[in-house]
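Comments concern the structure below.
The values are calculated or read from the model by the stated rules, or taken from the named source; none is laboratory data. Worth saying up front: this structure is predicted, and the values here are computed from it rather than measured. Here the Cβ positions follow ideal geometry from the backbone for every residue, glycine too, while neighbour counts run over all protein chains shown. Calculation scope for accessible area: heavy atoms of the full protein, side chains included, ligands and nucleic acids excluded. Shrake-Rupley method; radii C 1.70, N 1.55, O 1.52, S 1.80 Å.
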Amino acid sequence: MEEYLFYVTISCLTIASPGPGVLLTLTNSLTYGLKNALPGILGVTLGMGGISIIAASSVGAIISSSAWMMNVVKLMGAAYLIYLGLKLLRSKPKLQNNLNEITHSEYTPSVIARFRQGFFISMLNPKPIVFFMALFPQFIKADQPFVPQFTLLASTFCALVFLIHFTYGYIATSARQKVSLGRGFLIVNRIGGVVFICFSAALIFSINFSLMVDSV
C-alpha cells in the first residue's frame with residue numbers, strides 16, 4: 001500500500017508539472033470553457049493510456065533504447081506542436097453584439113478535432129515513454145502476475161491525468177470571466193501559441209541530428 005501511495009504521489013507531480021498537455025487544457029478551458037475542453041482532456045488521458053501500453057511492450061523498449069527512433073518521435077512531436085502553435089496564433093474569435101459572447105459555431109473546433117489534439121499531443125511526446133519505462137519497473141513485483149499490476153498502475157495514472165487536467169480546466173474556466181472580451185481571448189491564444197512553439201523548439205534542440213544522418 002505504501003508503494004502504491006508513493007506511485008500516486010510521483011504520478012501526480014509528473015502530471016501536474018507544466019507541459020504541452022497541461023497548456024492545451026488551460027488554453028481550451030480559457031477559450032471555450034470547461035465543457036468544451038473535456039474532449040481534449042479525454043484525448044490527453046487516452047493518449048497517456050496508449051503511451052503506457054507502448055512503454056510496457058517491446059516497442060517501448062526499442063524506442064527508448066534507440067537514439068534514432070527517439071529523435072524521430074521528438075521530431076514528429078515538435079512538428080505537431082508547431083502546427084498547434086501556429087493555429088492558435090492565427091485564430092481570431094468572432095464576437096456577437098454582446099462582446100462577452102463568442103460565436104462558437106465558427107470558432108470552436110469540433111469535438112473530434114479537440115479530442116484528436118489532446119490524443120496526439122500525448123502520443124507524440126517522447127517524455128511519457130521514458131517516464132513509464134523508468135517508473136513501471138520500480139513498482140512491478142517479479143513474483144506476482146504482470147498484467148494485473150500493469151492494469152492497476154496504468155489505469156491509476158490515466159485516472160489521475162483526467163482528474164488533474166479537469167481541475168486545471170475548472171480553475172481556468174473560473175478565471176475565464178477576467179479574459180472574456182475578444183482581446184482577452186486573442187492574448188490567451190497568442191501566449192499559448194508562442195509557448196507551444198517554444199516547447200517544439202526545446203524538442204528540436206534536444207535532437208541529435210548527426211545520429212539520424214549517420215544511420216541513413
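Ordered from highest to lowest accessible area with the whole protein assembly present and a 1.4 Å probe, Tyr80, Tyr170 read as Tyr170, Tyr80. Each Lys or Arg adds one and each Asp or Glu subtracts one; over the other residues with Cβ under 12 Å from the Cβ of Thr27, this totals +4. Taking 0.36 nm per residue of separation and subtracting the current Cα-Cα distance, fully stretching the chain between Ala202 and Thr156 would add 13.6 nm. Straightening the chain between Val147 and Lys35 buys 36.9 nm, computed as 0.36 nm per residue apart minus the Cα-Cα spacing.
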